[in-house]
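I have placed the structure first, in the form of structure tokens, so that the comments after it can refer back to it.
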Amino acid sequence: MKIFNKAKCKTIAGSVLIAGMTYFSASGAALSETLKICYLEWGSMGGKALPDLGYIPDSVTKILEHAGYQVEVSILPWNRCIQQTKATKFDLVADAWRGPTFDPDFDYLRMHHIDRINYVTLNSSGIEDAENQSLKGKRVGYLATSGGLEKFYENQDLFSYVAKVNYEDAMLRILANKRVDIILSDPLALLAAADGVKPGLSKEMKVLEPPLQLNLASPLISKKHPKKAEIMERFSQAFGALRKTDFFEKMMKKHGLLIKYPAEDQL
């Protein structure tokens with residue numbers, strides 16, 4: 001999934017799959033409706049070439065299966081995934097950062113994990129940290145339709161140039177080609193995807209500290225979805241049941257992720 005900086009830990013909720021279990025309604029009837037979910041190419045978190053499409057699609061699929069659903073997953077460009085789920089052509093976005101970008105159009109299912117958001121630059125840039133005095137006047141790129149960047153929006157006047165792109169690969173490419181000095185996102189996903197854009201790029205990159213912010217991440221469902229309440233409730237019940245097992249620990253190990261469980265009250 002990723003090329004890991006082992007000083008960084010992925011913050012994730014903890015729990016497990018109970019194989020073969022089916023969710024039953026209050027009447028005792030088995031439920032087997034098919035849900036369509038989408039996600040993006042995002043390091044080892046998601047991708048067509050990854051085992052079971054990566055950690056996020058795999059874990060969300062298994063939670064939904066535990067809730068009694070069948071699941072179809074599509075890996076799409078991020079903006080298309082968001083817009084088509086907003087229009088209920090998909091039932092869920094598998095995972096996104098909570099925040100004002102999505103608040104008007106979506107509701108959030110149970111929190112799935114916590115991400116660190118950092119500025120990332122090239123080793124040759126001469127930028128040593130993410131303090132304002134180091135970033136002032138620099139050029140920055142970020143992914144459009146990305147939630148969880150409120151701290152950046154509050155301070156984007158700090159930069160001399162802001163590039164908004166539609167694809168993770170495009171964001172890495174403009175950094176590699178030195179069209180920007182810095183890019184902004186989850187550094188684990190960026191480092192994992194970097195060598196697919198340019199061989200050896202991950203070794204040319206460094207993560208600037210401190211992180212800009214921590215983001216809570218959840219599946220998204222359109223506020224207009226006719227079965228929103230039912231899907232959210234069934235997901236919540238299945239998620240709660242699996243958290244009592246080692247489901248998430250096993251999923252993280254399967255996909256090569258480092259884990260650190262958040263406090264119970266964060267979930």
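Brief remarks on what is shown
- Of the trypsin sites (Lys or Arg not before Pro) found in the stretch 80-109, those that fall in a DSSP loop while having at most 14 other beta-carbon atoms within 10 Å are Lys89.
- If R0 is 25 Å, the Cβ-Cβ spacing of Ala229 and Glu72 corresponds to a FRET efficiency of close to 0.70.
- About its Cα centre, the stretch 53-182 has a charge dipole of approximately 420 debye under the convention of +1 per Lys or Arg Cβ and -1 per Asp or Glu Cβ, with nothing else charged.
- Intensity falloff of the stretch 73-198 expressed as log10 I(q)/I(0), Debye formula with alpha-carbon point scatterers, at q = 0.21 Å⁻¹: -1.31
- The charge dipole of the stretch 119-207, taken about its Cα centre with unit charges on the Cβ of Lys, Arg, Asp and Glu (plus for the first two, minus for the last two), comes to roughly 340 debye.
- Values of log10 I(q)/I(0), in the order q = 0.15, 0.21, 0.24, 0.25 Å⁻¹, for the stretch 60-109 under a Debye, Cα-only, solvent-free model: -0.43, -0.82, -1.02, -1.07
- Taking every protein chain into account, the accessible area of the stretch 118-216 amounts to 45 square angstrom per residue (probe 1.4 Å).
- Proximal aspartates and glutamates to Lys36, defined as alpha-carbon separation beneath 20 angstrom and excluding residues fewer than eight positions away on the same chain: Asp52, Asp58, Glu65, Glu72, Asp91, Asp95, Asp105, Asp107, Glu230, Glu233
- Computed over the stretch 141-215, Cα set: Rg, Dmax in Å: 11.9, 34
- Loop-resident sites, the stretch 161-267, for chymotrypsin sites (Phe, Trp or Tyr not before Pro), counting at most 16 other Cβ within 10 Å (DSSP): Tyr167
- Under the combined filter of DSSP loop state and at most 16 neighbouring Cβ atoms within 10 Å, the stretch 123-154 retains these GluC sites (Glu not before Pro): Glu128, Glu131.
- Relative to the current alpha-carbon distance between Asn123 and Glu204, full extension at 0.36 nm per residue lengthens the span by 28.6 nm.
- Charged side chains reduced to their Cβ positions (Lys and Arg at +1, Asp and Glu at -1) give the stretch 93-164 a dipole of some 220 debye around its Cα centre.
The values are calculated or read from the model by the stated rules, or taken from the named source; none is laboratory data. Predicted model only: the values in this text are computed from it and were never measured. Virtual Cβ from ideal backbone geometry, glycine too; neighbours counted across all protein chains shown. These accessible areas exclude ligands, DNA and RNA; they are computed on the full protein's heavy atoms, side chains included. Shrake-Rupley method; radii C 1.70, N 1.55, O 1.52, S 1.80 Å.
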